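Undergrad: Next up is a structure, given as structure tokens.
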Amino acid sequence: MPASHQPESSRSHRLDSKGAVFDNRSGGDRCYRIRCAGITKVYPGVVANDQVSLAIQPGEIHALLGENGAGKSTLMKILYGVTQPDSGSIWFDGQQHTLKSPAHARRLGIGMVFQHFSLFETLTVVENIALSFYGKAMDKRAAGQLKDLARRIEEISSHYGMPIDPHRHVHSLSTGERQRVEIIRCLVQDISLLILDEPTSVLTPQEVSSLFVTLKKLAAEGCSLLFISHKLQEVKALCDSATVLRHGKIAGTCDPKTTSTEDMASMMVGSQTTLGQRYSFSTSKNEDKRLAVTGLTEAAMGEFGAPLHDIHFSVKPGEILGIAGVAGNGQRELIQLLSGERLATSPDFITLDNQAIGQLTPGKRRRLGMAVVPEERLGRGAVPDMSLSENGLLTGFLQNLVSGGFLRQRRIHGFANNVISRFRVKAHGNSADAKSLSGGNLQKFIIGREILQDPKLLICASPTWGVDVGAANLIHQSLIALRDKGTAIVVLSEDLDELFQISDRIGALCHGKLSPVKPVRETSINEVGQWMAGVFDHPEKSASAPMAMEPDRQAKEYTP
Amino acid sequence: MDMDLITNILFAMVRTGTPLLLVALGELVCEKSGVLNLGQEGMMLMGAVIGFIAALTTGSLIFGVIMSLLVGMAMAMLFGLLAIQLRANQVATGLALTIFGAGLSAYVGTDYIGQALAGFQPMLIPLLSDIPILGKALFSQDILVYCSLGIALAIWLFFRFSRPGLMVKAIGESPYSATAVGLPVIMTRWLALLFGGAMAGLGGAYLSLAYTPLWAEGMTAGRGWIALALVVFASWKVERVLLGAWLFGLASIMHLVLQGMGASISSNLLATLPYLATIVVLVLLSSNQSRSRLLAPMSLGKPYHPAG
């Protein structure tokens, strides 16, 4: 049923280039895999989507861009049937549909990879995937036939370069591996539209490029893709067209191949922003060792973590040390050992201003001036069901928020308000629950909470994971400003671009070993990329390093 | 100890453990789906009294059993209306259900106290019941005992191999993820809850129609609570529930046996033995903390609010 929007369809010049392939489908709305028009969704206090329309052809990779809170997630939930719009219509393969539920969307052939994974932790990979088969035709194939399904998962995972053991339990998987499961879960089914919510945010550059090969292959087979990413370079590299949302409205559409990233970014945020710019290098002459890690050797966490092996590094006041690496190579272990969530086997492994802190609890380390931004926002970084004020108190207790065991409510609210305004956190005031914030806004709050405490040492994991360009710039600037005030900062991130923008020195973790640490000016993305893949000589252990672990295992692991 | 005594002890162990096993299995399925129903004791009592009355008035034990299943489900429905549909606090609702069931069963059953009934008789299974020691314990029982074993096996297979079993586990872990995947959360929880209710009713009926075929006020004597604890300490595993239920049975018998042997321990102290022994053994079994945490249904007892 061609509506008044029909004439707009001719705007796309790509229709001609791809038209040849999909000629048999052309005619009226049929040339669109999915089309929506006039989608409006109002939540209390916000218009999440305001008259949004979108159209994707078969085999097209379409980008949806926008800042946090621009309404991308709402639109995707509507297209996947999780929520229903207040008004507006959706056509799928030329038929108008009211998407009642995700099951309904999947029966039509719509798959979705969520940003917050919807996996069941106590089940195995293959069980998780089996659960998403819901519908008569698929039931027969999947029900009870876990063995067959496992074989298919292995096929798909090796075919698309996403190795995963189908029989592992999800709780033992790293973030990156969980995402693979999410993607494979969609690929196992016969889908004709795949929606991906920031799929690259946890992948290494190598993984991203292999994912792109996968996605392009899917598109070439006729599958349509709706791709959400904050990384404009990726949108440029992958997508055929882009729709930009701002404050719930369409801010524009463009061809990412011909539009510059600056133009796309300004469409997103409504003003010119700096992108990928290198921040100033540290000018600190202070040669003290604020944080020193010496010979840190620890067992892996859980069955599938990476054991840390003879890690040496130090950070000076007024310096940012970047540690690159793919998730699951010892980052979790390192962060937990540095923060004190897990105690080191020897106090001397970690020193803060020459004081051995390896066996101090997190609270004691905080009293010595350490602050931590953990990897998981909800659960470790913040308590989901507590208000922002209370979450501020959780680590800000040293900021005079407590007196003689009593809470100083006014100061607690003041501290939270300060974080909210200084870091432009979008929330319904300091009484909003942490879980009500979008991922990016919560990240801004957590980082702001730690930075405003003026720590001597800041350990920061994935500072801009899932955060949009505007917020990422703000976070980076705040980290640089904190560094210039003399704080030593360790940033662990999978985002190499980010590390090259803000770090003064850089190293990489691979299989629990740390590469050489070099000044950023003296190395290149390629070299660090190789370190991430494990191509480096393990630095000779220093004679002074305390030996803790079994010598035979060290010897074994030394062989390159 | 001679062979006869051991044989009889095992026989009584299975009988005593059966009502516990039935109730605990029902609650296990219910909890796996994320619904914590503390009303087991109330549902059991209602099952016991209604089953007894039905069997006595019609003379059909089977009819009594069917009525106890139905009344258990009706009680569970009451719970579901409040806790699933209206999202009331599950703990409070469950406690209320227990109190309600205890009161109502006492009221309904006043006229039937002291009346006697020929309960379920043992059904010998040919050949198998001749096996020394185990033959009597496992193959010379009444039909409800065989049912309890069959149901235990069925539930084990259900969670181990079937897709609906997987769905129940997933919904108990994260109803929101389950919705995202497209699983029917509310409906699955209702079915699990009703199953739990039916099993509690059956457990009650076992007491009043087979174990001691009569009705006495409060005759479950806390077995509903023990069943609840059993599920937790058994880490939501069917085989451990079976083990725990029989262990409880064994300890209950041992207290009688020890008394009979003239042990010079206070009988009141001995009476605590079943409770103590069951809990100690199961605590030891579930002492591996990191593992047992993963076994518990993560959303147990949390109301589910579908997204608007």
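Undergrad: Could you check, for the stretch B:55-78, whether at least one of its residues is open to solvent by less than 10 Å² (accessible area, probe 1.4 Å) and either of a type in the set (Phe, Trp, Tyr) or outside any helix (DSSP H, G or I) (or both)?
TA: no
Undergrad: Among residues belonging to the stretch A:170-186 that are touching a residue at least 60 places away in the same chain (Cβ under 8 Å) and aliphatic (A, V, I, L, M), point out the one that is nearest to A:Tyr160 (Cα to Cα).
TA: It comes out as A:Ile183.
Undergrad: Here is a further query. When only residues in the stretch A:283-304 that are part of a loop (DSSP other than H, G, I, E, B) and in contact with a helix residue (DSSP H, G or I) (Cβ under 6 Å, 6 or more places away or on another chain) count, which is surrounded by the most Cβ atoms within 10 Å (Cβ to Cβ)?
TA: A:Met301
Undergrad: Whether any residue in the stretch A:408-422 is of a type outside the set (D, E, K, R), outside any helix (DSSP H, G or I) and open to solvent by 10 Å² or more (accessible area, probe 1.4 Å) is what I want to check.
TA: no
Undergrad: If I filter the stretch B:89-106 for residues that are modelled with pLDDT of 90 or more, outside any helix (DSSP H, G or I) and either closer than 21 Å to B:Gln40 by Cβ or β-branched (Val, Ile, Thr) (or both), do I get at least one hit?
TA: yes
Undergrad: Separate question: Is there a residue being over 18 Å from the mean Cα position of the chain (by Cα) and among the small types (Gly, Ala, Ser) anywhere in the stretch B:147-155?
TA: For the stretch B:147-155, residues over 18 Å from the mean Cα position of the chain (by Cα) and among the small types (Gly, Ala, Ser): absent.
Undergrad: Ok, one more. For the stretch A:88-128, name all the residues that are within 11 Å of chain B (Cβ to nearest Cβ) and assigned to a helix (DSSP H, G or I).
TA: A:Pro102, A:Ala103, A:His104, A:Ala105, A:Arg106, A:Arg107, A:Val126, A:Glu127, A:Asn128
Undergrad: Among the numbered criteria (1) open to solvent by 10 Å² or more (accessible area, probe 1.4 Å); (2) charged (D, E, K, R); (3) assigned to a helix (DSSP H, G or I), which single criterion is violated by A:Glu498?
TA: Every condition holds for A:Glu498 apart from (1).
Undergrad: Would you be able to say whether some residue in the stretch A:238-259 is free of Cβ contacts under 8 Å to residues at least 60 places away in the same chain, part of a helix (DSSP H, G or I) and either surrounded by fewer than 23 Cβ atoms within 10 Å (Cβ to Cβ) or in contact with a Cys (Cβ under 7 Å, 6 or more places away or on another chain) (or both)?
TA: No - not one qualifying residue is present in the stretch A:238-259.
Undergrad: Among the residues of the stretch A:523-537, what is the count of those that are under 22 Å from A:Ala292 (Cα atoms) and open to solvent by 50 Å² or more (accessible area, probe 1.4 Å)?
TA: 1
Undergrad: Scanning for something within 14 Å of chain B (Cβ to nearest Cβ), at pLDDT below 85, over 17 Å from B:Ile171 (Cα atoms) and touching a Ser or Thr at 6+ places or on another chain (Cβ under 8 Å), does the stretch A:78-85 turn up at least one residue?
TA: No: the stretch A:78-85 contains no residue that is within 14 Å of chain B (Cβ to nearest Cβ), at pLDDT below 85, over 17 Å from B:Ile171 (Cα atoms) and touching a Ser or Thr at 6+ places or on another chain (Cβ under 8 Å).
Undergrad: Okay, moving on. Which members of the stretch B:175-194 meet the condition of being within 14 Å of chain A (Cβ to nearest Cβ), surrounded by 20 or more Cβ atoms within 10 Å (Cβ to Cβ) and not β-branched (Val, Ile, Thr)?
TA: Passing the criteria: B:Pro175, B:Ser177, B:Ala178, B:Ala180, B:Gly182, B:Leu183.
Undergrad: Could you identify the single residue in A:Val373, A:Val402 that is open to solvent by 20 Å² or more (accessible area, probe 1.4 Å) and β-branched (Val, Ile, Thr)?
TA: When all the criteria are applied, what remains is A:Val402.
Undergrad: Still on this structure: Can you say whether B:Gly172 is surrounded by fewer than 24 Cβ atoms within 10 Å (Cβ to Cβ), within 14 Å of another protein chain (Cβ to nearest Cβ) and of a type in the set (Gly, Ala, Ser), as far as the supplied structure shows?
TA: Here the answer is no, as B:Gly172 does not meet what is asked.
Undergrad: From A:Val469, A:Val535, which residue is at pLDDT below 80 and farther than 19 Å from A:Gly325 by Cβ?
TA: The match here is A:Val469.
Undergrad: Determine which single condition B:Ala154 fails, assuming it passes every other condition in (1) without any contact (Cβ under 8 Å) to a residue 12 or more places away in the chain; (2) within 14 Å of chain A (Cβ to nearest Cβ); (3) open to solvent by 50 Å² or more (accessible area, probe 1.4 Å).
TA: Unmet for B:Ala154, out of (1) without any contact (Cβ under 8 Å) to a residue 12 or more places away in the chain; (2) within 14 Å of chain A (Cβ to nearest Cβ); (3) open to solvent by 50 Å² or more (accessible area, probe 1.4 Å): (2).
Undergrad: Residues that are away from chain A (no Cβ under 14 Å): which helices (runs of 4 or more DSSP H) entirely in the stretch B:195-308 hold 1 or more of them?
TA: It comes to B:223-233, B:238-260, B:267-271, B:273-285.
The values are calculated or read from the model by the stated rules, or taken from the named source; none is laboratory data. Everything numeric in this text was worked out from a predicted model, so none of it was measured. A quick note on method: Cβ atoms are made from the backbone with ideal geometry, for glycine too, and the neighbour counts reach across all protein chains shown. Only protein heavy atoms, including side chains, enter the accessible area calculation; ligands, DNA and RNA are left aside. Shrake-Rupley method; radii C 1.70, N 1.55, O 1.52, S 1.80 Å.
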